[in-house]
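Presented below is the structure to which this report refers.
The values are calculated or read from the model by the stated rules, or taken from the named source; none is laboratory data. On a predicted model such as this, the values are computed, not experimentally measured, just so you know. Here the Cβ positions follow ideal geometry from the backbone for every residue, glycine too, while neighbour counts run over all protein chains shown. Heavy atoms of the whole protein, side chains included, go into the accessibility calculation; ligands, DNA and RNA do not. Shrake-Rupley method; radii C 1.70, N 1.55, O 1.52, S 1.80 Å.
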Amino acid sequence: MDNPVVVVGGAGRVGRIIVQRLLERRESVRVIGRSVQHARRHLAPGAVFSQGDVRVPETLATPLAGCAAVVYCVEPGTDDRGPDRPETTLHQGVRHVLAAATAGGNRPHFVLVSQVHATHQGHPLNAYGRLLVWRFAGEEVLRESGLPYTVVRPGWLIDDHEAGRRVRLEQGDQGTGRVARDDVAEACVQALYTPAARGVTFEIFNEPGSPFPSWSEAYGSLVWDRTPVA
C-alpha cells in the first residue's frame, strides 16, 4: 500500500501481532494508543507510535490523515460508569476514528475486531458494561459508513493452538469456540489484501485439522452483509 496502515490499539495483545505481520510485508505502520511506556515495551521496531485516545477526537486527526487502511482492535473496560466503558471505546470510539480516517474524502479499508456473540443481547457478558450491545453498535456504525470494511468476530482468545491449527470461519453468530490470537491477527491482515473480504462479517475459531488452502478461498466462501462495497 502506498499510504500507512493505522492500527488503533496496536500495542495490545492482538494488535501488536497485527503490527508485526504488517511490518513483515514492508508496510508503513502507524499505531495509535494511550500509553507511550506500554508501546515502548511491546511494539516492534519500525512502527510509528502516536499517542491518541479514541474517546478524544482531536487526538486522532493527525495519525489517521491519509491512511490506506485502519485496523481497530481496542479493548474496553467493563464498568458501565467508567471512562473507558464499552460505550465510549467500542461505539463512540469507532465513530471518532471513522470521522478522522475519512477526512478530506479519504476512503480507507476498515477492519474492526469485534467479538463472538455480538448479536446476543441477552448474553451474560452484557452484565459487563453492556459489552455486547456496544460491540454490535460499533459494527453497525461501520457497516453504515459506506467504507470498504471487514468485521472479524473472534471466539474466546487464547495464546496457543490448543483448540487446533485449522481456522474455521462462520457467519450468523451461532457458533462458539476458541481461537489463537495469531490467527485473528492473520485474518485481519489478510483481509486488507483480499477483495472477497470486503463487506463481510464473520466469526473465527480454531479446530483440529490441517490449515485451509488459502485465505482468498476462505473469504470467497463468505456471504456479503449487504451490497458489495467497492
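Restricting attention to the stretch 80-132, and to residues there that are of a type in the set (S, T, N, Q) and in a loop (DSSP other than H, G, I, E, B), which single residue is surrounded by the most Cβ atoms within 10 Å (Cβ to Cβ)? Give the derivation first.
Within the stretch 80-132, the first condition is being of a type in the set (S, T, N, Q), and the residues that meet it are 88-89, 92, 102, 106, 114-115, 119, 121, 126.
Remaining after also requiring in a loop (DSSP other than H, G, I, E, B): 102, 106, 114-115, 119, 121.
Numbers: 102: 18, 106: 15, 114: 23, 115: 20, 119: 15, 121: 11.
Of everything passing the filter in the stretch 80-132, 114 is surrounded by the most Cβ atoms within 10 Å (Cβ to Cβ).
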Failed item in (1) within 25 Å of residue 138 (Cα to Cα); (2) at pLDDT 95 or above; (3) not in a helix (DSSP H, G or I), with residue 77 passing the rest: (2)
Considering only the stretch 168-199, how many residues are open to solvent by 40 Å² or more (accessible area, probe 1.4 Å), assigned to a helix (DSSP H, G or I) and not acidic (Asp, Glu)? 2
Restricting to the stretch 200-219, name every residue that is surrounded by 13 or more Cβ atoms within 10 Å (Cβ to Cβ) and either assigned to a helix (DSSP H, G or I) or out of contact with any strand residue (DSSP E or B) (no Cβ under 7 Å at 6 or more places or on another chain) (or both). 215, 216, 218, 219
Could you check, for the stretch 21-35, whether at least one of its residues is assigned to a strand (DSSP E or B), over 20 Å from residue 191 (Cβ atoms) and at pLDDT below 95? yes
